[in-house]
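Working notes, beginning with the structure itself.
The values are calculated or read from the model by the stated rules, or taken from the named source; none is laboratory data. From a predicted model like this one, the values you see are computed outputs, not experimental measurements. These area figures cover heavy atoms from the full protein model, side chains too; ligands, DNA and RNA do not enter into them. Shrake-Rupley method; radii C 1.70, N 1.55, O 1.52, S 1.80 Å.
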Amino acid sequence: MTEPTIFHKIVSGDIPSTRVYETDTVLGFNDIHPKAPTHVLFIAKREEDFVSSISDLTDQTAHVPGMLIRAAQDFAQKQGITGYQLKFHVGKDGGQEVFYLHLHFLSQQKTSDE
Ligand code: AMP
C-alpha cells in the first residue's frame with residue numbers, strides 16, 4: 001500500500017474525528033474546516049475499497065463512488081436534510097488535498113442532531 005493518509009488514521013481511530021454516520025463499509029465525519037453549516041466527508045472504510053482519487057478508479061473500484069453517494073443520501077434522509085451538494089475534488093488541479101477518495105456533503109441546513 002502507498003503511504004497512509006490522514007483519512008486512513010481517521011478510519012483506524014488514530015486521529016480523532018466527529019463521526020456522524022457509520023456502516024460496516026462507509027464512514028461520515030465532520031470536515032474540520034466546514035464550508036457550510038453541515039459539511040461531512042464520506043469515505044470507504046475497507047482496504048479493498050481504497051481509491052486515492054476519482055482519476056484512479058478502475059473496474060474493480062467503480063462501485064465506491066456509488067457507495068459514498070448512497071451513504072450521503074441515507075444520512076440526509078435520517079437527518080431531515082432536504083437540500084445539499086455533493087462534490088468530489090479530483091487531482092491537485094481540482095483542489096484535492098487528501099488522496100483518499102472522499103465525497104463532500106455540503107448543506108445550508110443543519111442536522112436534526114444539532
Ligand atoms: P479535498 O480538498 O477534497 O482533498 O478535501 C480535504 C478536506 O479534508 C478539506 O475540506 C479539509 O478541511 C478536510 N480535513 C483535513 N484534515 C481533516 C481532519 N483531521 N478531520 C476532518 N477533516 C479534515
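Taking the alpha-carbon distance from residue 92 and a cut-off under 16 Å, which aspartates and glutamates remain once sequence neighbours fewer than 8 residues away in the same chain are dropped? Answer for residue 92, where 16 Å is the Cα cut-off: 56, listed by chain and number.
A straight Cα-to-Cα reach below 20 Å connects residue 78 with the aspartates and glutamates 22, 24, 31, 113, 114, residues fewer than 8 places away in its own chain not being considered. Each Cα pair under 8 Å and six or more residues apart adds its sequence gap; the mean of these over the residue count of segment 44-114 is a relative contact order of 39 percent. Summary value for segment 1-90: 19 percent relative contact order, contacts being C-alpha pairs under 8 angstrom separated by 6+ residues. Residue ranking by accessible heavy-atom surface, 1.4 Å probe, largest first, among 56, 93, 14, 31 comes out as 93, 14, 56, 31. Straight Cα distances below 17 angstrom link residue 87 to the lysines 35, with same-chain residues fewer than 8 positions distant left out.
Its Cα gyration tensor gives the chain an equivalent ellipsoid; the semi-axes, largest first and in whole Å, are 22, 15, 14.
Using 0.36 nm per residue and subtracting the Cα-Cα separation, the extra length available between residue 92 and residue 110 on full extension is 3.5 nm. Would you work out what percent of the accessible area of the chain, with all protein chains in place, is carbon or sulfur (probe 1.4 Å)? Its accessible area is 50 percent carbon and sulfur atoms.
Please give the calculated 222 nm ellipticity per residue for the chain, where each DSSP H segment of at least 4 residues contributes -39500 (n - 2.57) and the sum is spread over every residue; nearest 500 deg cm²/dmol? My calculation for the chain gives -6000 deg cm²/dmol from helical runs alone. Taking amide hydrogens as placed 1.01 Å from N in the peptide plane, the amide H of residue 45 sits under 5 Å from those of 26, 27, each at least 5 positions away in sequence or on another chain. For the chain, the longest principal axis of the Cα atoms and the long axis of helix 64-79 meet at an angle of about 20 degrees.
Summed over the residues of the chain and divided among them, the accessible surface reaches 59 Å² per residue at a probe radius of 1.4 Å.
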